[in-house]
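*Asks:* Can you read through this structure? Questions will come right after.
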Amino acid sequence: MKVVSVVGARPQFIKLAPISAAFNATHHEHLVIHTGQHYDVDLSDVFFTGLRLREPDFHLGVGSGTHGVQTGAILSGLDPVLEALHPDWVLVYGDTNSTLAAALSAVKQHLKVAHLEAGLRSFNRRMPEEHNRVLTDHAADLLLAPTEQAMRHLIREDLGDRSVLVGDVMVDICLRIRDQVQFDEPPVNLPGGIDPERPYLVATLHRAENTDDPSRLSALIDALADLPLPVALFAHPRLIARASSWGLPLNRGAVRSGRPLPYAQLIAAVIRSVGVVTDSGGVQKEALLLRRPCTTLRPETEWTETLSAGWNVLVPNPGRMAVRSWHEVATRSAPAADPGNPLGDGAASQRVVDVLASQLAVAEGPATSQSRWENMHLHSVASTADGNIV
């Protein structure tokens, strides 16, 4: 079986790591195409080196641009590469412009597309990520869902017959890295002014709806700056560019900004923090897995599982809350309730490889493979009474 993974952004490189490891343990051929959507060293190169990923087999180098320009450039670059490779599967990840462009390029060449992290919905059509994930799901041949809620979304959209619950591959990599770093010395990569021996919060902020409006961004930075604990803000290039263009200083009040961290260093920083404030879907999940309370600066989340028992709290407009209430939410202690394992058990990447191989065998026709696929599909939607993936 030949599988081509198409990635282009920081969250996709993290998901690629456990998938690549799972493929490396098989006889299957696994190739990687990097679109170049994220090209900053802090958002690309450090993840390939830090997660021990080999260099991509192809690098398109598309760079930045408007959604249309970037998506079109990826399509243009991918078409001849996929035509030449003619893989059994094109595996696309998440909800970026790289995801949608790769799905479009593949389906127009009659290549099978599998969408990893399928079925997520924010139901906010102002988010470019929502467009990408919905369109990709409806174009793909196989939908690899991370959670039961994602499966329910796909079934409601009449996509259940091509959907399989595999769990979230981010759990695989997060738990592995956690086990490697949790007993290390306190991190020395925190922004200046943050003492790793004293309580602090980790913060990230990058989504367009939070950074593209100067008044909105200013209000969020003000809210972070007003917190009673030091805030280690790992600043995405988008945040730095927008704040600079509007003359909004990031280093003020409680906030100390620093560069985005390699994955292992970010996990170490979160483990030693007392909580997280973010607008990132990935960081919401990591906070839950690492058992740190999370405050999400958005009105909704695709990862509704993180809201269980108050482990994650949505605060779209902290500036509209009473100061005391905002402080209490953002600096709250971890809930006593155990959230369980709603995102998976750490073996999702192996399930992905198995499902791709089984579904390919189904397409080739043997009755025994059909039976195996049906059994796997039935197993994939089974769950324990408490909603955890089995």
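*Asks:* Using 7 Å Cα-to-Cβ label points, what is the residue 25/residue 334 separation (nm, one decimal)?
*Replies:* Going from the residue 25 label point to the residue 334 one covers 2.7 nm.
*Asks:* Something else: What number of lysine-lysine pairs in the chain show an alpha-carbon separation below 21 angstrom, given a sequence spacing of 8 or more or placement on distinct chains?
*Replies:* Values: 2/15; 2/108; 2/112; 15/112; 15/285.
For the chain, the number of qualifying lysine pairs is 5.
*Asks:* Could you give me the ³J(HN,Hα) list for segment 136-147, computed from phi with Karplus coefficients 6.51, -1.76, 1.60 and θ = phi - 60°, whole Hz, x at Gly and Pro?
*Replies:* Karplus-based 3J(HN,Hα) across segment 136-147 equals 5, 4, 7, 8, 6, 8, 9, 10, 9, 8, x, 9 Hz.
*Asks:* Counting only helical runs of four or more DSSP H residues, what would the 222 nm mean residue ellipticity of the chain come to if each run contributes -39,500 (n - 2.57) and the total is spread over all its residues? Mind dumping the intermediate values first?
*Replies:* On the way: 15 runs with 168 residues, N = 390.
Rounded to the nearest 500, it is -13000 deg cm²/dmol.
*Asks:* Report, for the chain, the % of DSSP beta bridges that are antiparallel, rounded to 5.
*Replies:* On the way: 1 of 39 bridges.
Taking every DSSP beta bridge with both residues in the chain, the antiparallel ones total about 5 percent.
*Asks:* Can you tell me the 0 to 90 degree angle between the C-alpha axis of helix 67-85 and the longest principal axis of the chain, rounded to 10?
*Replies:* Approximately 30 degrees, to the nearest ten.
*Asks:* For segment 246-251, just list the computed ³J(HN,Hα) in residue order, Karplus coefficients 6.51, -1.76 and 1.60, θ = phi - 60°, integers in Hz, with x standing in for Gly and Pro.
*Replies:* Values, residue by residue: 9, x, 9, x, 7, 8 Hz.
*Asks:* Answer rounded, prolate or oblate for segment 186-330, using the Cα gyration tensor with square roots of eigenvalues a ≥ b ≥ c: rounded when a/c is under 1.5, else prolate when a/b is larger than b/c, else oblate. Present the calculation step by step, with values, prior to reporting the outcome.
*Replies:* Working: a/c = 1.33, a/b = 1.06, b/c = 1.25.
Rounded is the answer for segment 186-330, as its axis ratio a/c remains below 1.5.
*Asks:* In degrees, nearest 10, range 0 to 90: what is the angle between the Cα axis of helix 214-225 and the longest Cα principal axis of the chain?
*Replies:* It is inclined by approximately 70 degrees.
*Asks:* To continue, here is another question. Mind giving me the nanometre distance, one decimal, between the label points for residue 345 and residue 84, set 7 Å out from Cα along Cα→Cβ?
*Replies:* If labels sit at residue 345 and residue 84, their model points lie 4.2 nm apart.
*Asks:* I've got another one for you. What residues from segment 54-77 fall in the zone where the backbone N is under 11 Å from a label point 7 Å along the Cα-to-C-beta line of residue 241?
*Replies:* 63-67
*Asks:* Rounded to the nearest 0.05, what FRET efficiency do residue 158 and residue 123 have when you use their Cβ-Cβ distance and R0 = 22 Å?
*Replies:* On the way: r = 17 Å, r/R0 = 0.78.
My answer for the efficiency is 0.80.
*Asks:* Can you tell me the order of 280-291, 25-36 when each peptide is scored by its average per-residue count of other Cβ atoms within 10 angstrom, highest first?
*Replies:* On the way: 280-291: 22.7, 25-36: 18.5.
Highest-to-lowest ranking by the protection proxy: 280-291, 25-36.
*Asks:* Ordered by packing density, taken as the mean number of other Cβ atoms within 10 Å over each peptide's residues, highest first, how do 249-260, 94-105 rank? Walk me through the numbers before you get to the answer.
*Replies:* Details: 249-260: 18.2, 94-105: 26.6.
Ranking the peptides 249-260, 94-105 by packing returns 94-105, 249-260.
*Asks:* Next up: Have a look at 290, 347, 134 and report the one farthest towards the positive end of the charge dipole of the chain, computed about the Cα centre with Cβ charges (Lys/Arg +1, Asp/Glu -1).
*Replies:* Of the candidates, 290 comes out farthest on the positive side.
None of the figures in this text is laboratory data; all of them are computed from the coordinates on show. Because the structure is predicted, anything quoted here is derived from the model rather than measured. Here the Cβ is made from the backbone with ideal geometry for all residues, glycine too, and neighbour counts use every protein chain on show.
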